[in-house]
1. Can you flag which of B:Lys116/B:Lys163; A:Lys104/B:Lys100; B:Lys102/B:Lys190; B:Lys116/B:Lys176; B:Lys55/B:Lys100 are past 25 Å Cα-Cα?
2. Take A:Thr198 and B:Gln67, extend 7 Å from each Cα along the Cα→Cβ direction, and tell me the distance between the two endpoints in nm.
3. Tell me, how many Å apart are the Cα centres for the range A:68-116 and for the range B:56-125?
4. Could you tell me the calculated FRET efficiency between A:Ser86 and B:Asp96, based on Cβ-Cβ distance and R0 = 45 angstrom, to the nearest 0.05?
5. Just the projected area, averaged over all directions, of the convex hull on the alpha carbon atoms of the range B:110-187: how many nm²?
6. When chain B is treated as a GNM, springs tying every alpha-carbon pair under 10 Å, which of B:Tyr189, B:Tyr205, B:Tyr36 comes out with the largest mean-square fluctuation?
7. Name the chymotrypsin sites (Phe, Trp or Tyr not before Pro) in the range A:54-117 that are in a loop by DSSP and that have at most 14 other C-beta atoms within 10 Å, would you?
8. Can you grab the distance from the C-alpha centre of the range B:18-38 to the C-alpha centre of the range B:143-188, Å, no decimals?
Amino acid sequence: MTFSAVMAPSIVIRPKMLIIDDDGKFLAKADEFFTDLGFDVKTVPTPEAAEKLLKEGNEYQIVLTDVNFDRLSRIAGHDFVMDNPSLFGKAKCVVISAGEWFTKERRQQLQDAGISFADKTRLESRVMQISKEENEKWEKDIKQVIELETIPRIQGMMGRRVTVAVGGTAAAIAPAPAPALRLRPSVPEPLMVRLKRTLIQWLKTRGDLDDPVFAYGEKDYSANELISEVETESDVGFEHILMLYREFEYSLEIEAYEPGNDEDETE
Amino acid sequence: MNPETTKTKLNKLADVLQDDLIVLLCAPTHDRLTNYTSDLLENLPTLKRPTNVRKFTEPLTYESLLQELAIEPETDVAVVFWGHGDAFSLLGPPVDPKSKEKSRFYDATFINSGPKYMLAFCCSAAVGLSRLFDARTDRVFIGFDREIGFILRGSVYAEWWKKVVHSCAEAMLNCKDVEDLRTTVQDVYKSALSAFQPGAKPHRYGLLMRAYLRGQLEGIDFVRT
C-alpha cells in the first residue's frame with residue numbers, strides 16, 4: 001500500500017460535457033470516447049431536450065451540438081447556442097458540422113460570440129484544444145469551491161481526511177501534468193520533519209552540491225536546489241519526500257518475504 | 001546529417017532488410033535534460049531496423065520530419081521520443097529562445113499520420129496521448145502517466161537509462177501482446193532496481209535512482225490495439 005493510500009482516500013471530479021446530436025451512432029461513439037478521456041458525458045438528441053436539461057441545472061463545462069437535426073427538430077444547433085447565451089452560462093459551446101458550410105458572416109458571428117466549430121472528423125483534437133484553455137479557468141474556480149465547501153462536507157460524512165484531484169483522468173485536458181491541483185495527503189508533523197531531515201542529510205552527502213545531477217519533471221536540480229525544494233515542501237520537494245517513504249516501504253520487502261524461505265530457519 | 005543522405009541510407013537499409021518499418025529516434029536538444037537524453041539516444045544499441053536519429057535544436061514537428069525524410073504514408077513508423085512531454089504533447093525546443101513555452105513535436109493533430117509505434121519516454125504523455133492511440137487500430141504506445149525523474153551524472157546511470165529505453169523500444173517492436181510487452185518492460189526495470197539495491201555495490205545516487213526507476217515502473221502505461 002502506498003503512503004498516500006494509507007493517509008487518505010482519493011476522489012476524482014470529472015468535467016461535465018453535454019452532447020446534442022440526433023445521430024445515435026455518433027452519440028454512442030462520442031460518449032464512449034469522451035468518457036474514456038475522463039469527461040462525465042450526457043447526451044440528448046435535440047436542442048429542446050438540451051434546453052429542458054439545462055434549465056434543470058447547468059453544470060457543464062463543454063456543450064457540443066450538431067447543426068442539423070432533420071425531422072427531430074427545426075432548430076439549428078448554431079442558432080440554439082447563439083440565441084440562448086444565458087442558458088449555457090460559462091459552458092464552452094462547440095458546433096459540430098458534418099459537411100455543412102457556414103457563410104463567412106455566420107462564422108464571424110459565432111466566433112464573436114465565443115462559439116467554436118469543428119468538423120466531426122476533427123472533433124476530438126478541437127475539443128482537446130478548447131478543453132486545455134477552458135480547463136485552466138475552470139480549475140481555478142472549482143478549486144476554491146472544493147477547498148472551502150466540498151472537502152469539509154465529505155470529511156464530515158466520512159469522518160476522515162480525503163484528497164481530491166480536480167480533473168483526474170480528465171486532467172488529460174489540463175496543460176500541466178495531472179498532479180498540478182492534487183491536494184496533498186496530510187502527513188503527521190513529526191513524520192514529515194523526520195522524512196525531510198533524512199532526505200536533506202542524504203542530499204548533503206552527495207559530493208558537489210551545486211552540480212545539476214537530478215532531473216524531475218520539467219527541470220533539473222542540483223543537490224542544493226533539491227534541498228531547497230524539500231525544505232519549502234514545494235510540489236517537487238513533496239514528491240521526493242514521498243519517494244523516500246516509498247523506498248523505506250520497499251526496503252521492508254513485505255511482498256517478497258516468504259516464511260520458511262529465510263536463513264533464520266536454517267540456524 | 002544531410003536529409004538526402006539520410007533518405008538514401010534509410011531506403012538502402014529498408015531494401016536490405018526488406019522491411020517496411022522505419023524507426024525514428026527523436027531527440028530534442030535544448031536544455032540539460034535533453035542534452036543528456038539526446039546523447040544517450042544517439043548512442044542507443046541497434047534496434048535491427050532501419051533507424052534514423054534526429055537531434056533537433058529548433059522546433060520540429062512529426063509531420064515535417066516525415067517530409068524531411070521522404071517517408072511514404074504507407075510506411076510503418078516507430079517513434080522513440082526522449083525529452084519533455086505533457087498530457088497531450090511531446091515537446092521540443094522553445095518556439096522563441098527567450099520564452100519558456102516549448103514547441104510541440106507531436107500532439108493530437110498528428111494522430112492520423114501515425115506513427116504505428118510510439119515510445120514516449122517523457123513526462124505524462126500516457127495521461128492523454130495514449131488514449132488517442134487506444135482509439136485507433138493497429139497501434140502500440142508506451143508512455144508514463146506522471147512526471148518522471150533521471151540521474152544525469154555517472155556512466156553507470158547512463159548505461160542503465162540506455163538499457164531501459166532500448167529494452168522498451170525492442171519490446172514495443174517485437175512483443176506479440178500487451179501482457180508480453182508489460183512483462184518484458186517490467187523485467188528490465190526490476191533488473192535496474194536490483195543493480196542499485198542498497199546491498200549491492202554502493203552508488204552515490206542509488207537512493208534516488210531507485211526512486212526514479214520505481215516511479216517510472218509504477219507510471220508506465222501500455223497500449224496495443
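Taken together, the values in this text are just the output of simple stated rules run on the coordinates, not laboratory data. Keep in mind the model is a prediction, meaning the values are calculated, not measured. Glycine also receives a Cβ, built like all others from the backbone with ideal geometry; neighbour counts cover every protein chain displayed.
1. Values: B:Lys116/B:Lys163 22 Å; A:Lys104/B:Lys100 36 Å; B:Lys102/B:Lys190 33 Å; B:Lys116/B:Lys176 14 Å; B:Lys55/B:Lys100 20 Å.
Where the Cα-Cα span goes over 25 Å, the pairs concerned are A:Lys104/B:Lys100; B:Lys102/B:Lys190.
2. Going by the 7 Å Cα→Cβ label model, 5.5 nm.
3. Between the Cα centres of the range A:68-116 and the range B:56-125 lies a distance of 33 Å.
4. 0.65
5. Values: hull surface 22.6 nm².
For the range B:110-187, averaging the hull's shadow over all directions gives 5.6 nm².
6. B:Tyr205
7. Numbers: sites: A:Tyr60, A:Phe69, A:Phe80, A:Phe88, A:Trp101, A:Phe102, A:Phe117; in loops: A:Tyr60, A:Phe69, A:Trp101, A:Phe102.
In loop regions of the range A:54-117 (DSSP not H, G, I, E or B), the sparsely surrounded chymotrypsin sites (Phe, Trp or Tyr not before Pro) are A:Trp101.
8. Centre-to-centre (Cα) distance: 15 Å.
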